[in-house]
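Novice: Below are the structure tokens for one structure; questions will follow.
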Amino acid sequence: MRTRKQTAGIWKAMGVVTAALVMISMLSISPVMADFPGKGKTVQPCYNGIAEELFQLVIVNKGLEKLGYKVKKILELEVTSMHVAVGLGDADYNAHSWVPMHDAFYEKVGGKDKVTRVGTLVEGAVQGYLIDKKTADQYGIKTINDLTDPDLAKIFDANGDGKADLTGCNPGWGCERVIEHHMDAYDLKETVTHNQGSYFALIADTISRYKSGEPILYYTWSPQWVSGVLVPGEDVTWLAVTHTDLPEEEKGANTVTPDGKNLGFSVNSIHVLANNKFLEANPAARRFFELAQIPINDIGAQNLKMRDGEKKIEDIHRHADEWIAGNQETFDHWIQEASRAAE
């Protein structure tokens, strides 16, 4: 039998072990759990109204929530208004500022004196014109400039007016300015009609025409789902340009893809655009924006899920949670580094 003194010693030893275990547990908690640099702070994100571009913003929002911030309901705005809102401080940030395509919007809201395009969230965003591969091979069409030939342009006539019908870009997105510039620069106005409206309704009609065996001509960009349905190299072909000719604000931009094809549109990177005052007051958020990166193909794959029906906001949040879980170590590193920035 143990004496009272021995029993007391055992309990004391157990207390020491328990205390040690608690200490080890506390040390293993990430800086985020210990510090919550965003605690008590509310942030206002906004986006460009394109549901297919919400995925990356939701991931960014979930990072800020992990840092302790309360994230308000996302403001849905047009591309121009989205930049203006961040410049004025009506919104703190967005995750959809393209460089160089949105340079004009960036400058109009005050440029570096008002806002900062932080880090590089997405790299290698390409844009351009495509036609169905069958028609490209049959007629040897390789560049958009080939469509100055009325006979070639007429192949893509969908409404009977004798001109090619180009599924184009929504007014106000930025890409429409480049297309309109190309229409003049490449002498396409007489042979090509730039059809604008609701892009995703227009592209749905374009896909239907392709499935019916009709020739198609359209503009698209990555990251998004269209190239997962009309696959370049299999179903469709990118059209090159004979020479680069861009609007003044994009002069000098790289328009050549990694495989050496000149598509005539700037190859873009996508950034978090944040209000400078917000960044100064929130070093943890700034550091998170600097570190966050999402592979372009991951966004394309998520967009294809949306196209196939998983397009509710709950679906997009689930997709973001799945992406974070699949990249947990990297995501946790971003959080830890962002927390240290607030110390």
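Novice: In Å, what Rg and Dmax follow from the Cα atoms of the stretch 89-175?
Specialist: 19.0, 54
Novice: Further question: If R₀ is 35 angstrom, what is the calculated FRET efficiency for the pair Asp149 and Ala301, using the beta carbon separation as r and rounding to 0.05?
Specialist: 0.40
Novice: Moving to a separate point now. Using the structure shown, select from Lys70/Lys305; Lys72/Lys305; Lys41/Lys70 the pairs with a Cα to Cα distance greater than 18 angstrom.
Specialist: Over 18 Å apart, Cα to Cα: Lys70/Lys305; Lys72/Lys305.
Novice: Still on this structure, I have one more. If you take the beta carbon distance between Glu248 and Leu88 as r and set R0 to 25 Å, what does 1/(1 + (r/R0)^6) give as a FRET efficiency, to the nearest 0.05? It would help to have the intermediate numbers written out before the result.
Specialist: Values: r = 26 Å, r/R0 = 1.02.
With R0 = 25 Å, the Cβ-Cβ based efficiency is 0.45.
Novice: When the gyration tensor of the stretch 127-250 is built from Cα positions, what are the square roots of 5 times its three eigenvalues, in whole Å, from largest to smallest? The partial results should precede the final answer.
Specialist: Numbers: eigenvalues 76, 61, 41 Å².
Those come to 19, 17, 14 Å.
Novice: Are there cysteines in the chain with no second cysteine's Cβ under 4.7 Å away, and if so, which?
Specialist: So, Cys46.
Novice: Another one. Output the peptides 200-212, 71-83, 270-282 sorted from most to least packed, where packing is the average of other Cβ atoms within 10 Å over each peptide's residues.
Specialist: On the way: 200-212: 15.8, 71-83: 17.8, 270-282: 20.6.
Highest to lowest by the protection proxy: 270-282, 71-83, 200-212.
Novice: For Glu343 and Ser212, calculate 0.36 nm times their separation in residues minus their Cα-Cα distance, and state this gained length in nm to one decimal.
Specialist: Value of the extension gain: 41.1 nm.
Novice: Next up: Taking Lys39 as the anchor, which aspartates and glutamates have their alpha carbon closer than 12 Å to its alpha carbon, excluding any fewer than eight residues away along the same chain?
Specialist: Glu65
Novice: Follow-up. In percent, what relative contact order does the chain have, based on Cα pairs under 8 Å that are 6 or more apart in sequence?
Specialist: Numbers: 581 pairs, mean separation 87.0, N = 343.
Across the chain, relative contact order equals 25 percent.
Novice: Which of the lysines could be linked to Lys189 by a straight reach, that is with a Cα gap under 27 Å, when you skip same-chain ones fewer than 8 residues away?
Specialist: Within the straight-line cut-off, Lys189 pairs with Lys133, Lys134, Lys142, Lys154, Lys163, Lys251, Lys261.
Novice: Pick from Pro215, Pro223, Pro37 the residue whose mean-square fluctuation is largest in a GNM of the chain, springs joining Cα atoms under 10 Å.
Specialist: Comparing Pro215, Pro223, Pro37 in the GNM, the peak value goes to Pro215.
Novice: Suppose each label sits 7 Å from its Cα in the direction of the beta carbon; what would the Asp161-Thr257 distance come out to in nanometres?
Specialist: My value for the distance between the label points is 2.9 nm.
Novice: I want to check the label-to-label distance for Lys70 and His181. Put each point 7 Å from Cα in the C-beta direction and report it in nm to one decimal.
Specialist: About 4.4 nm, to one decimal.
Novice: What is the distance in Å between the Cα centroid of the stretch 251-272 and that of the stretch 51-117?
Specialist: 22
Here, each number is a calculation from the coordinates, and none is a lab measurement. Computed from a predicted model, the values in this text were never measured in an experiment. Cβ coordinates were reconstructed from backbone atoms using ideal geometry, including for glycine residues, and neighbour counts include every protein chain displayed.
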